[in-house]
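Beneath this line is the structure, given in structure tokens, with notes to follow.
The values are calculated or read from the model by the stated rules, or taken from the named source; none is laboratory data. Remember, it's a predicted structure, so these values are computed and weren't measured experimentally. Every residue, glycine as well, gets a Cβ built from its backbone with ideal geometry; the counts of neighbours run over all protein chains shown.
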Amino acid sequence: MQDLTHDDWLKVVEQTRSAYAANEVDIGTEYYHMPQSSFYPSFFAWDSGFNAVAMMHVDPARAKRELETLFRHVAVDGHMPHEVLIPCAATRARPVRNFMRWLVQWEYDSCGASHMIDPPIYVYSARLVYEMTQDADWLAGIWPDLCRLLDYLLDKRDLFGDGLVSIVHPWEAGTDLSPQFLPALGIDPGRRTDVLQATIYAALLYRFCNRLGWDTEELRKANKFVLEDLTINCIAIRALSSAAAMASVLGDDAAASRYRSRALRMSAALDQVAWDESAGCYFPRWDTTGPRTTKVKTAASLMPLFTGRCPPGRADRLVKEHALNNNEFWSEHLFPFNPADELVGNRPWVEKKLWAGHCIWINFNWMIAIGMGENGYLAEARELTARTVRMIVEQGFWEYYDSRTGEGRRMRGFTWPGLALDMMYRFWPEITR
Ligand code: GLC
């Protein structure tokens, strides 16, 4: 593969500017970017976390504003809503999206804020934006809400009592129809139809989450879908370490030591319950009454690389046996969410479902590249970055890309590919100047 050049950097800067301009919302105190204006015309929390990271390379002041909006959305109970419907922006939605919203109306409270959480990547984004801008006053402004959302995760979402965060609906992981959730939902991907699967997600919302008033203790008892998801936990560990570092900047020693020790506890629990010695990777655990793990491998199985705390022997196995394995993840187009060996024999409908088929999601490319780089695989992180950038420059910004061909899929003009800027900044710094 040819080296990246300054021209590649400039092209992605330009693509980012134009995709972000098309998705920008600036109404009163609300400043953020929709993931994609015609299909996702709302504020989405983890999307805004990614947007801030991309935006800080183009316009750090806007990145700060996006995070200010985000942390203002922390709910009274401390949860960060995965999505907030902003009425003025919502009118731009496609009818199909409005219909889907109606189908899952129980997700939202009367003000349009989702009862669901999502992976707290925004805490790490806040740290990155602070490091780039060195604006401690800004950090002090977002700090109380940032702590509230972390405390909610620690206090209200530890449903197995082991220090890890549990999700109560697959959408809370951000990886909607990941095959890792199907066994916990009682779905056999080989036999059922996609229609049934869509119904199960809405039914779970209505019959359990909504009827039980989103009370996490009640949901734990009902035990319909309670899962220690890898994506959310690995991002939460990074969030806690980031919060500890930011607390030190602000001179809040008590918070620094609390978050540091919770990060340690969480990573120890992850290593204890989710590591599978024979598979050489991590699996999510579910079922509070008889805990078991889902033996399905996805890129989330490698996410402990991103925690900053993966034991070196395990990190080596994750990278050598899986990430760099040509029969699994390391194919021509990188980085597939589902490895080739897990997709054999799947029904064609799987390809139409988000996160279920041959798909490359740029947020995972970003996190896996960081994880590889930090665990000693710098050349591989550079290679992953180069192939990601080539794909984006050639195809443009898309919601995801087909891992067989590298072609853009579903929504054009989606914001996440802007993360390629941060990948270049870290792994190809020489081309950014
Ligand atoms: C899809 C993704 C989810 C994202 C949302 C908005 O549902 O799976 O992670 O937050 O779109 O972009």
For the condition surrounded by fewer than 18 Cβ atoms within 10 Å (Cβ to Cβ), hydroxyl-bearing (Ser, Thr, Tyr) and modelled with pLDDT of 95 or more, what is the one hit in THR231, THR289?
THR289
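If we scan the stretch 59-68, do we find a residue that is outside any helix (DSSP H, G or I), surrounded by fewer than 18 Cβ atoms within 10 Å (Cβ to Cβ) and either away from the ligand (no atom under 16 Å from the Cβ) or over 15 Å from the mean Cα position of the chain (by Cα) (or both)?
Step one: of the stretch 59-68, the residues outside any helix (DSSP H, G or I) are 59.
Filter once more, so that each one left must be surrounded by fewer than 18 Cβ atoms within 10 Å (Cβ to Cβ): 59.
Then drop every residue that is not either away from the ligand (no atom under 16 Å from the Cβ) or over 15 Å from the mean Cα position of the chain (by Cα) (or both), which leaves 59.
Yes, some residue in the stretch 59-68 is outside any helix (DSSP H, G or I), surrounded by fewer than 18 Cβ atoms within 10 Å (Cβ to Cβ) and either away from the ligand (no atom under 16 Å from the Cβ) or over 15 Å from the mean Cα position of the chain (by Cα) (or both).
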Could you tell me whether MET56 is over 17 Å from ALA420 (Cα atoms) and touching a helix residue (DSSP H, G or I) at 6+ places or on another chain (Cβ under 8 Å)?
no
Criterion: among the hydroxyl-bearing types (Ser, Thr, Tyr), without any contact (Cβ under 8 Å) to a residue 24 or more places away in the chain and either more than 16 Å from the ligand (Cβ to nearest atom) or touching an Asp or Glu at 6+ places or on another chain (Cβ under 6 Å) (or both) - qualifying residue of SER48, SER18, SER42
SER18
Which one of these does GLU30 not meet: (1) more than 14 Å from the ligand (Cβ to nearest atom); (2) modelled with pLDDT of 95 or more?
(2)
Among the residues of the stretch 103-132, which ones are small (Gly, Ala, Ser) and either more than 16 Å from the ligand (Cβ to nearest atom) or free of Cβ contacts under 8 Å to residues at least 12 places away in the same chain (or both)?
SER110, ALA126
Residues that are over 24 Å from ARG127 (Cβ atoms): which helices (runs of 4 or more DSSP H) entirely in the stretch 219-319 hold 1 or more of them?
253-273, 312-317
Residue pairs, Cβ under 6 Å, 6 or more apart or interchain, first in the stretch 367-396 and crowded, with 21+ Cβ neighbours inside 10 Å, second hydroxyl-bearing (Ser, Thr, Tyr) and assigned to a helix (DSSP H, G or I). List them.
ALA369/THR385
Name the single residue, out of those in the stretch 127-179 being assigned to a helix (DSSP H, G or I) and hydroxyl-bearing (Ser, Thr, Tyr), that is surrounded by the most Cβ atoms within 10 Å (Cβ to Cβ).
TYR130
It is to be established whether one or more residues within the stretch 70-85 are more than 16 Å from the ligand (Cβ to nearest atom) and in a helix (DSSP H, G or I).
yes
Quick check on my filter: what residues within the stretch 329-379 are modelled with pLDDT of 95 or more, farther than 13 Å from ARG404 by Cα, away from the ligand (no atom under 16 Å from the Cβ) and outside any helix (DSSP H, G or I)?
ASN375, GLY376, TYR377
Residue identified as out of contact with any Gly (no Cβ under 8 Å at 6 or more places or on another chain) and touching a residue at least 40 places away in the same chain (Cβ under 8 Å) among ALA299, ALA279
ALA299
Quick test of your reading of the structure: GLY308 fulfils all but one of (1) free of Cβ contacts under 8 Å to residues at least 24 places away in the same chain; (2) at positive phi. Name the failing condition by number.
(1)
